[in-house]
Structures are given as structure tokens and as C-alpha cells.
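S.K.: The structure follows.
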Amino acid sequence: MNNLIQGFLDNDSFFGRFMTKLGIIIAANIMFVLLSIPFFTIGAGFSALYYVMFRTLRGDGVVNPFKEFWAGLKANFKQATISWIIFVLLIAFLLTDIRICKAAGGALDLVKIGVYALGAAAVIIYLYLIPVMTVFRDTLPHLIRNTVYFLIKKPWKTVVILFFDIFPFVLTYSDLQSLPLYAFLWVLCGFGLQAMLGATLLLPEFAPYLASKEEEAGEEAAEPESHMRTEEEILEDMRKLDGL
């Protein structure tokens, strides 16, 4: 009986691996929440959160979440912050346009439909841009282009990621009586679970452009962005897609 319990609680058991991964998610999630307090650092924190999840998946679940979060923050702080600020300004501009269209009425109602579509596209691209930025090092315009490539490569994964990134927020604010419970879950692990799901779905798509684990193990202080083989490989795949 003791051997059975010990085996169940062992670090190499399913339960042990699950609890280790959950601990990483919670630790990274709390760091993300703390970093997001200044607001303008949300993008950088989001990128660092994804960094931890990708490193966890590629490191057999054994990583130091605090060390990896800090490494991801340093690696992507500038680009992630710039992209976040651009995204917020764009959404603010579109919301202003929507208010103007509603107030004016008439033919501008048709313009409002286009504004909604543009806003939805901006949200979708941004939510995909962060994990792409976390893994690949490039200029921001090239990262956006590669984001569109990965978006259309596996549309069903896009739908799943968007659902679990957006629906929990809708659920949170649709049940105000349970808001304290939802807030606790978000602070504890909510954002980390979303990032882990996204990283799990996207890693197989990114893997052909990353170094192997053996190559990665031979590098000191390796960063996921440094493992991209060549941009030409991505461009070649992009040319094979109709419409590109």
C-alpha cells in the first residue's frame, strides 16, 4: 500500500507531473498579474507567460517558472510593449468610430459593420501574434505576416484558441454575483491555463522551425526566439498556400 501511494506521489508519476505543471502555471500566472498592474506592460507580461509555457512543453515540464518568466520578459519586452500599445490605440480608435456611427445613424450604420470586422480581425491577429513573437525573432511587420500564415494554416486551432481566450471573459462578466470567485481564479491560474492551451496547440505548428531538444540542450541560456531556422522556410510554406 505504501509503495502504491509513493508511486502515485512520485514526481515521475502522472499525478506528480500534473502537479508540477500546475505549479508552473500558477507561479507564471501570478507573475503575469503582478506585471500587468501598470497596464502598459500587459503585452510584455503576456509574452513572458507564453514563454514559460513553451519552455515547459519543450523541457519535459521541468523548468523554473520565475527564471523563465524573467528571461521571456527581457527577450520580448520592447516588441511586446510596442505591439500592445498599438493594439490598444487601434481598439480605442475603432470604439470611437463606433460611437460616432451610432450617434450619426443613417448610412454610417453600414460603416459600423466594417469597423466591427476590423476590430475582430485586430483581436484575432494580436492574440496569435504574442505566441509567434515569443518563439520567433524578427521585425514586427514580418511577425505579423507570419502570424497570418499560422492563422490560416490550421483554422480549427484558431477557432479553439479564440474560444478559450474570449469566452471565459464573457462568462466572467455575465455572472456578476460570482465575480469574486472568477477574479480569484483569474489571479490564480486563469491566464496561465489559456496560455498553456494555446502553446500546446501551436507548438506542433512551430516545431518544424525550431531546433531539436538535443540542440537546444547544448546552448547556454537558450531563448525560444533563437531557435528559428530560417525565415525562408516559412516563406516557402507560405507560397504554397493559395492566395499568398
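S.K.: Could you identify the single residue in F69, F87, F54 that is touching a residue at least 40 places away in the same chain (Cβ under 8 Å), crowded, with 18+ Cβ neighbours inside 10 Å and more than 22 Å from R17 (Cβ to Cβ)?
M.R.: Working: F69 fails: more than 22 Å from R17 (Cβ to Cβ); F54 fails: more than 22 Å from R17 (Cβ to Cβ).
None of the other options fit; the residue is F87.
S.K.: Being open to solvent by less than 60 Å² (accessible area, probe 1.4 Å) and either within 18 Å of T200 (Cα to Cα) or aromatic (F, W, Y) (or both) is true for just one of V135, V148, V159. Which residue is that?
M.R.: Working: V148 fails: either within 18 Å of T200 (Cα to Cα) or aromatic (F, W, Y) (or both); V159 fails: open to solvent by less than 60 Å² (accessible area, probe 1.4 Å).
Within the list V135, V148, V159, the selection yields V135.
S.K.: Just checking, which of G16, G106 is surrounded by fewer than 15 Cβ atoms within 10 Å (Cβ to Cβ), of a type outside the set (A, V, I, L, M) and out of contact with any Phe, Trp or Tyr (no Cβ under 6 Å at 6 or more places or on another chain)? Step through it out loud before you land on a result.
M.R.: On the way: G16 fails: surrounded by fewer than 15 Cβ atoms within 10 Å (Cβ to Cβ).
Of the residues listed, the single one that is surrounded by fewer than 15 Cβ atoms within 10 Å (Cβ to Cβ), of a type outside the set (A, V, I, L, M) and out of contact with any Phe, Trp or Tyr (no Cβ under 6 Å at 6 or more places or on another chain) is G106.
S.K.: Restricting to helices (runs of 4 or more DSSP H) lying wholly in region 98-204: which have 1 or more residues that are hydrophobic (A, V, I, L, M, F, W, C) and closer than 22 Å to S83 by Cβ?
M.R.: Values: elements: 108-135, 140-153, 155-174, 179-185.
Passing ranges, in order: 108-135, 140-153, 155-174.
S.K.: Looking at L185 and the list (1) farther than 20 Å from L202 by Cα; (2) crowded, with 18+ Cβ neighbours inside 10 Å, which single condition is not satisfied?
M.R.: Of (1) farther than 20 Å from L202 by Cα; (2) crowded, with 18+ Cβ neighbours inside 10 Å, only one is false for L185: (2).
The values are calculated or read from the model by the stated rules, or taken from the named source; none is laboratory data. Everything numeric here is computed off the predicted structure, so don't read it as measured data. When we count neighbours, we look across all protein chains shown, and the Cβ atoms used for this are built from the backbone with ideal geometry, even at glycine. All accessible areas refer to the heavy atoms of the entire protein, side chains included, with ligands and DNA or RNA removed. Shrake-Rupley method; radii C 1.70, N 1.55, O 1.52, S 1.80 Å.
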